[in-house]
Amino acid sequence: MKSIYFRNFMISAGLVIMCFVVLAVTFVLMGRGFLASEKRENMNATAREIVETTRVYYIELGNVNLAALDLTVNIAQISRITGYHIFITDAQGTVKNCSDMNFKNVCRHIGDKIPMSFMHELSAAPDMHRITDLGGFYNSKNYVTVMPVALPDHGNTAAYVFVSTEVSALLDAWDTFLYMFAVTATLIMLIAVLMAYFTSKQQSRPINAMAAAARQFAHGDFSVRVAEEFQTDEIRALTLSFNAMAETLERSEELRSEFIANISHELKTPMTTIAGFADGILDGTIPPENQAKYLRTISEETKRLSRMVRSMLELSRIQTNQCAEILKNEFDITETMRRVLINLEVKINERGLDVDIQIPENSIIVLGDGDSIMQVVYNLLDNAIKFSMHGSTLGISLWRQDGKAYVSIRNQGETISPEELTQIFNRFHKTDRSRSLDRDGVGLGLYIVKTILNNHNEDIVATSQEGVTEFMFSMALKPTTGRHPSAGKAPQLAEPETAWE
């Protein structure tokens, strides 16, 4: 599970780093251009302001005095505010005014000339933005913005305003921006990686616990459970499902152990009887005149073993049936009950039982496997006959109610205790009463009944009061079957955990 945790962490961290790399590339590609654009706009605004100031001097004085002291003071103040170097040349490129004033209001650039090649370019394209040293005018590369001063009368260019800043200053601002971005991005990325680490670790904790539990399952210990720490909904749902699976496995193991113990017990008695009598006949312990009697006992026990094996095979087949497939079939349950009654007519007569039959004449079509439900009715009715008092009444009822068909089988005999009712549907369960009266039984009849009805998504209940024992189960009616008036209020087939034998 460490590999899962490490893989989740690496995926989360990789996504975070990739996002920051994309963000950094975007900032590098767009940020520098944006910064240069902002700087250019500021320099343009400064140049326009100087141009307008120069034009005002022309309007007021009637000519352009590019060396006016007031103009010098004005551009010097703007230079101090913006940090730009500003100077003004005439149309031929001679510097007439500059923001670099000393205490004598004298600038060393006054009288310097801008190279003619540069001035010829300006005449073709008056507005210019360029990184240049102006042919040696500056000692290093500067970012320079040039804007012409056009006279208001005839539009001729009387002068040029130069606004410049050192490229190093522009790069320093960019470097500062990159540094702040790198520091901030690194801090955020570290925080994100730490969050991914702890999140991955937290999410992997229940998975590691499940892996440890699964290893214990492999050694036969199904008692371990994963703590239900309520993290994400998905992890919580997985934890709950895992614990539910563990409970099912534990219960299955208990049932398996119980089944092995029960079948060992059930097989032990007839096999001991068969072996004992056979050895007695072989070694002469049993005299010849009694051998036929004990051979019959051996035959009966052998047949009983055969019935037990057949019942277990039948139970295995039933348990593999799927409900969805079973409920695709339909059959007439009234016909099924009539056929079972005919098959058991001899046994009913041998017990001298009166039969109270309440089965509708019309067909009742239900969903399910007809052969399996016939076995259910047969087992229930056969049990009822075996444990009925001689000459008592056997009750058989069938009715429809609320989209269901209900079957009830009643007999009169000994009352089954409430404790016994909760056990009669278990495998190999046989009460003392049944052991004395039903030597042929193997203790699987009612368990098979319960299993078949479970496969049909139906339930069965057993009640026993004042000598009357009743078993009742339900079946789903065919959907197209209309609703018929009730033959009576059907008891709720609630719970129980009971199921009969």
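The values are calculated or read from the model by the stated rules, or taken from the named source; none is laboratory data. Because the structure is predicted, anything quoted here is derived from the model rather than measured. Here the Cβ positions follow ideal geometry from the backbone for every residue, glycine too, while neighbour counts run over all protein chains shown.
Summary of computed values
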{"quantity": "Residue satisfying condition, being touching a Gly at 6+ places or on another chain (Cβ under 7 Å) and modelled with pLDDT under 80, within set E266, E228", "calculated": "E266"}
{"quantity": "Matching residues in the range 290-316 - criterion: being small (G, A, S) and modelled with pLDDT of 80 or more", "calculated": "A292, S299, S306"}
{"quantity": "Number of the condition not met by S388 [criteria: (1) surrounded by 13 or more Cβ atoms within 10 Å (Cβ to Cβ); (2) in a helix (DSSP H, G or I)]", "calculated": "(2)"}
{"quantity": "Complete set of residues in the range 397-418 that are under 22 Å from E330 (Cβ atoms) and assigned to a strand (DSSP E or B)", "calculated": "S397, L398, W399, R400, Q401, K404, A405, Y406, V407, S408"}
{"quantity": "Residue within the range 370-386 that is free of Cβ contacts under 8 Å to residues at least 60 places away in the same chain, of a type in the set (D, E) and in the same structural domain as I342 (by TED's automatic domain parsing) present", "calculated": "yes"}
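Residue-by-condition table, conditions (1) β-branched (V, I, T); (2) in contact with an Asp or Glu (Cβ under 7 Å, 6 or more places away or on another chain); (3) in contact (Cβ under 8 Å) with a residue 40 or more places away in the chain; (4) assigned to a helix (DSSP H, G or I):
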| position | (1), (2), (3), (4) |
| --- | --- |
| A76 | no, no, no, yes |
| I81 | yes, no, no, yes |
| F87 | no, no, yes, no |
| C107 | no, yes, no, no |
| I110 | yes, no, yes, no |
| F118 | no, no, no, yes |
| L122 | no, no, no, yes |
